[in-house]
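Undergrad: Starting off with a structure, shown below.
The values are calculated or read from the model by the stated rules, or taken from the named source; none is laboratory data. Everything quoted here is computed from the prediction, not taken from an experiment. For neighbour counting, all protein chains shown are included, and Cβ atoms are generated from backbone atoms with ideal geometry for every residue, glycine included.
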Amino acid sequence: MPSLRPDSAGASPDAQPPAVRDELLRHLDAAYNLARWLCRNDHDAQDVVQESFLRAVRFADACRSDSARAWLLQIVRNTCHTWLARNGATSSSSEALEGAAAPESALPDLAVQRRQDAGAVRGAIEQLPEDLREVIVLREIEGLSYKEIAQIAEMPIGTVMSRLFRARERLKELLAGYHGEVYGEL
Amino acid sequence: MNCDRVRLLIDAYTTDELDPSAALDVEDHFKACPACAGELDAVRTLRRTVAESAPKYAAPEALRRRLSIPAASEAGAAEPRHLPRTKWPRVALAAAVGVLLLLPWLGLYWNASRAGAGRLAAEVTASHIRSLMSDHLLDVPSTDRHTVKPWFNGKLDFSPNVVDLGADGFVLVGGRLDYIDGRPVAAIVYRRRQHVINLFTWPAAGPDRPPSLSQSKGYNVVTWTRDGMSSYAVSDLNREELQQFVELFRPKPATRP
């Protein structure tokens, strides 16, 4: 993975702006996914990602990380927290009621079932407090390692582990009724 | 190993992130403790449920397009841009105020300077790139302004302003004769770390204009006019530092023959 630091870019420091942008664009989906889960709506997520992206491009010189993804996600996370604090975290939850983008199945019953699954799981994750939600999203949906999460969330690995544990406990409680209904007879 | 510790490690265990000896300890514990073994199943079920059902959102195409274009997206860097979809009244208001404020200026200078400035920004950027590519950055390599400035005597019909900004981290490395907008111009070259700054100067008619920043081909360009001299600073340096450079450079009044 190319480093973001122009110093180590070698022969062509002048190629830095486009190279940084391209590298960051490769992680745009990850950035949006995190912002979308933290903001819980598309509109704020887009604003947050845009602001984060410009910040990342602007301060690319200060990037001390070898991973552009972790660097971008760290900025997205911090921008989200600032954003949510500023806007009183009163994100509209109307979107949370819409169906999630689960893959459709050829069997109508199964398709309906999947949508319900997705809705319930998404709703449960969205109900988690922010500090638990971010670790579960980074871990289970983004598939990052403890080390990467520790870097992004700026906390020790032990804290990441204990938060994941607490997040799971809460998720199990939130999904208990749902599991009873859907998987009860399985 | 006690139950509390095992519960913390279950997650790492299910993803093979435990070192082998810890994994063995955890496995031994599962054999002896049905409660923790049940917890392991629950964690696996939950992981699977989340993996299957929680959406992984992809960035909207419109957002990707917006961020792929440097100049357009970075113009709004200070404040996140609000999308017209739901916040159009604020955008419309801001646009209306902006147009009102800019109207007199636009009317006076649209044709004369605005279009010209964009073309010149592209031209000085091309010259900046050429100076780096062709290895013809300097005609007079010197860190001494008293060497660089007199060098232009007899080569130009004006005397460019050369300022020593070494104390502020912008090192003068020399000067070069260049050709912009159909006339010979002075290019003063500074360096900030590995970044080269080309500062182009030539006499221009028209009133003073404060520095304005634009982007061309990924380079930052700051232009201003003072005392009948038009100047363009071009660099791959970030815009904060380039603007700082311009601020340091500008206070000294331009010297004319």
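Undergrad: Which residue out of A:L186, A:L164, A:L174, A:L144 is modelled with pLDDT of 80 or more and outside any helix (DSSP H, G or I)?
TA: After ruling out the rest, the residue left standing is A:L144.
Per-residue answers, yes or no, for (1) modelled with pLDDT under 85; (2) touching a Ser or Thr at 6+ places or on another chain (Cβ under 6 Å); (3) more than 20 Å from B:T223 (Cα to Cα):
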position	(1), (2), (3)
B:V124	no, no, no
B:S127	no, no, no
B:H146	no, no, yes
B:G182	yes, no, no
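Undergrad: Okay, moving on. Within the stretch B:18-48, track down each residue that is within 14 Å of chain A (Cβ to nearest Cβ), in a loop (DSSP other than H, G, I, E, B) and in contact with a helix residue (DSSP H, G or I) (Cβ under 7 Å, 6 or more places away or on another chain).
TA: Scanning the stretch B:18-48 gives a single hit, B:L18.
Undergrad: Conditions: (1) surrounded by 12 or more Cβ atoms within 10 Å (Cβ to Cβ); (2) within 30 Å of A:A124 (Cα to Cα); (3) at pLDDT 90 or above. B:E17 meets all but one. Number of the miss?
TA: Every listed condition holds for B:E17 apart from (3).
Undergrad: If A:R64 satisfies all but one of (1) within 13 Å of chain B (Cβ to nearest Cβ); (2) under 17 Å from A:E154 (Cβ atoms); (3) at pLDDT below 70, what's the number of the condition it fails?
TA: A:R64 satisfies every listed condition except (1).
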